[in-house]
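**Student:** Mind looking over this structure? Questions follow.
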């Protein structure tokens, strides 16, 4: 049974980064204005004005708004058979049919708060046929083929954040084991070891160029605590962070 779960109309400032996340339902995002990259289940697309992203349940997705943008999005449940294989980014038609349907749903959702759920779900049911027609008649824009390289770029930009192989594998669209194998085969290093070395190089620059305390450097570089930082640093570099600072600044 089709059922509307949530609806929102948001304004995103320039350079807004929506980090990787997932939902237990379908999500439909309409980009009213704005441009930028989005990643859905490890595949990279670009959105622009009057494009639509359809995200299947439990598909990890993220996006970056390069310019100020406006989005209207809904979360809903629907039988998988109705939308099977349609995940991706598509153009609305020239009449902006999907946007018009979404505005009607928004009007019921916000302006008429007493509207019962049956009315909202009926409007959702009216949305799905044109959605299927638009998505079914258009080929999905070609995603970037090099999914492992995309994940590497993401790691380079976010290595100070908490990253797991599970998250990175989901972003790539490969299984846990397949992603680890492909990453190590291509870059001759395991994913977590790569992140560790990135953090240590950043920590070295802070030790050399700043007067930050060891605990502050540990936190800023993405380590759980200063004990973990000192242990990893000594194992990989061969001396403690304090000793490294003393030698490089003498």
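**Student:** Please determine, by comparing only the residues of segment 228-250 that are surrounded by fewer than 12 Cβ atoms within 10 Å (Cβ to Cβ) and over 18 Å from residue 160 (Cβ atoms), which one is nearest to the chain's Cα centre (by Cα).
**Tutor:** This residue is 235.
**Student:** For segment 169-190, what are the residues that are buried (at least 20 other Cβ atoms within 10 Å of the Cβ), within 15 Å of residue 155 (Cβ to Cβ) and in contact with a helix residue (DSSP H, G or I) (Cβ under 8 Å, 6 or more places away or on another chain)?
**Tutor:** 169, 171, 172, 179, 183
**Student:** Name the residue that is modelled with the highest pLDDT, counting only residues in segment 191-216 that are exposed (fewer than 14 other Cβ atoms within 10 Å of the Cβ) and not in a helix (DSSP H, G or I).
**Tutor:** 213
**Student:** Out of all the residues in segment 30-50, which are in a strand (DSSP E or B), surrounded by fewer than 22 Cβ atoms within 10 Å (Cβ to Cβ) and within 14 Å of the chain's Cα centre (by Cα)?
**Tutor:** We begin by selecting, within segment 30-50, every residue in a strand (DSSP E or B); these are 30-33, 36-40, 43-47.
Restricting the remaining residues to those that are surrounded by fewer than 22 Cβ atoms within 10 Å (Cβ to Cβ) gives 32-33, 36-37, 44-46.
Correct list: 36, 37, 44, 45, 46.
**Student:** Residues being buried (at least 19 other Cβ atoms within 10 Å of the Cβ) and closer than 26 Å to residue 167 by Cα: count how many of those fall in segment 65-74. Quick ask: steps written out before the conclusion?
**Tutor:** Filtering segment 65-74 down to residues buried (at least 19 other Cβ atoms within 10 Å of the Cβ) leaves 65, 69, 71-72, 74.
Still in the running and closer than 26 Å to residue 167 by Cα: 65, 71, 74.
The total comes to 3.
The values are calculated or read from the model by the stated rules, or taken from the named source; none is laboratory data. Please read all numbers here as calculations on a predicted model, not as lab measurements. Here Cβ is always computed from backbone atoms with ideal geometry, including for glycine, and neighbour counts include all displayed protein chains.
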